[in-house]
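**Student:** There's a structure below that I have some questions on.
The values are calculated or read from the model by the stated rules, or taken from the named source; none is laboratory data. Computed from a predicted structure; not experimentally measured. For neighbour counting, all protein chains shown are included, and Cβ atoms are generated from backbone atoms with ideal geometry for every residue, glycine included. Note: areas computed on protein heavy atoms with side chains; ligands, DNA, RNA excluded. Shrake-Rupley method; radii C 1.70, N 1.55, O 1.52, S 1.80 Å.
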Amino acid sequence: MSTTTSPKRLADDAADVLRAVKLIQLGARMQVLESEFPKLSRERLIRLYREVKGASPPKGMLPFSEDWYLTWAPNIHTSMFANVYAFLEANSEGMDRVDLLTRAYALYAEHFQMNGEPLQMDLTRAWTFIRFKDAGILRLAGCTRCRGKFVAHAHEPSHSMVCGICQPPSRAGKTKAAAKAALERSAALQAQAA
Ligand SMILES: [Zn+2]
């Protein structure tokens, strides 16, 4: 074993480990980590996961389909996250996908937790949303009534779209108020940027 490791490579490696730890703290599953940190071995990621979480990573594939993001409460939560993500993406130079995901998810989680609202979307679902968005399966579309931006199927026509806040199911209640506040906050972020 005579390979010399350059200081640059060591620093990159350390940065990757720190970024992975942050994602694990936010709830990332193994598939997310393996996909985003191809330079860290699976064994290393499992060790990191155990160290951070005090338990082995759960096994099994990610069961998520894009339809989850279109059901009522998950749609409102994902839309808040997606608005923040889009804002950061447009306004933060030099941030890669992991940075954007980490920051947008932390802001999303903080907002709903401050409002005493349980989080609908875990980090892995947030990551999966970005994959669906990048693949052109899901996108943000404007509500024709409130003009807020909500997650929708990419092939769905946007001229008739009405969001889940303007047209909530009858049992919405408290969640509706928290969701509205969340979207107002992300709209304010976007207005600042405009
Ligand atoms: Zn609306």
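**Student:** Can you compute the FRET efficiency between ASP67 and ALA11 using 1/(1 + (r/R0)^6), with r the Cβ-Cβ distance and R0 = 41 Å? Round to the nearest 0.05.
**Tutor:** For R0 = 41 Å, the calculated efficiency reads 0.45.
**Student:** OK, next. Where is the GNM fluctuation largest for the chain (alpha-carbon springs, 10 angstrom cutoff): THR128, THR144, THR102?
**Tutor:** Checking each option, the largest mean-square fluctuation is seen for THR144.
**Student:** Please report, as a whole percent, how much of the solvent-accessible surface of region 66-193 comes from carbon and sulfur atoms (probe radius 1.4 Å).
**Tutor:** Using a 1.4 Å probe with all protein chains present, region 66-193 comes out at 51 percent carbon and sulfur.
**Student:** Oh, and also: Can you give me the accessible area per residue for region 34-85, using a 1.4 Å probe, in Å²?
**Tutor:** Heavy-atom accessible area per residue stands at 53 Å².
**Student:** Looking only at trypsin sites (Lys or Arg not before Pro) in DSSP loops with at most 16 other Cβ atoms within 10 Å, what is the longest site-free stretch of the chain?
**Tutor:** It runs 60-144.
**Student:** Show log10 I(q)/I(0) for region 101-156 at q = 0.17, 0.19, 0.20, 0.21 Å⁻¹, two decimals, from a solvent-free Debye sum over equal Cα scatterers.
**Tutor:** Log-scaled intensity ratios, in q order: -0.67, -0.81, -0.87, -0.93.
**Student:** Which residue fluctuates most in the GNM of the chain (Cα springs below 10 Å): ALA154, ALA73, ALA135?
**Tutor:** ALA135
**Student:** With viscosity set to 1.002 mPa s at 20 °C, what whole-number translational diffusion coefficient in µm²/s follows for region 1-111 from Stokes-Einstein and a Kirkwood radius over Cα pairs?
**Tutor:** Calculated translational D: 135 µm²/s.
**Student:** Pick out which of GLU156, GLU184, GLU43 has the largest mean-square fluctuation in a Gaussian network model of the chain, springs linking Cα atoms closer than 10 Å.
**Tutor:** GLU43
**Student:** Something else about it: Taking only Cα atoms of the chain, what ratio of Rg to Rh do you get with Rh as the Kirkwood inverse-distance radius?
**Tutor:** Details: Rg = 18.4 Å, Rh = 18.1 Å.
Using only Cα positions, Rg/Rh for the chain is 1.02.
**Student:** Check GLY148: other-chain or 5+ apart residues with amide H under 5 Å from its amide H, H built from backbone geometry?
**Tutor:** Placed amide hydrogens put CYS143 under 5 Å from GLY148.
**Student:** Also, quick follow-up: From the cross-link list LYS53/LYS149; LYS22/LYS133; LYS8/LYS133; LYS22/LYS59; LYS59/LYS149; LYS39/LYS59, which pairs have alpha carbons spaced over 28 Å apart?
**Tutor:** LYS53/LYS149; LYS8/LYS133; LYS59/LYS149
**Student:** Quick one: accessible surface of ASP13, probe radius 1.4 Å, all protein chains present, in square angstrom to the nearest 10.
**Tutor:** 50
**Student:** Let me ask something else. From the square roots a ≥ b ≥ c of the eigenvalues of the alpha-carbon gyration tensor of region 7-53, which class results: rounded (a/c under 1.5), prolate (a/b over b/c), or oblate?
**Tutor:** Because a/c hits 1.5 or more and a/b exceeds b/c, region 7-53 counts as prolate.
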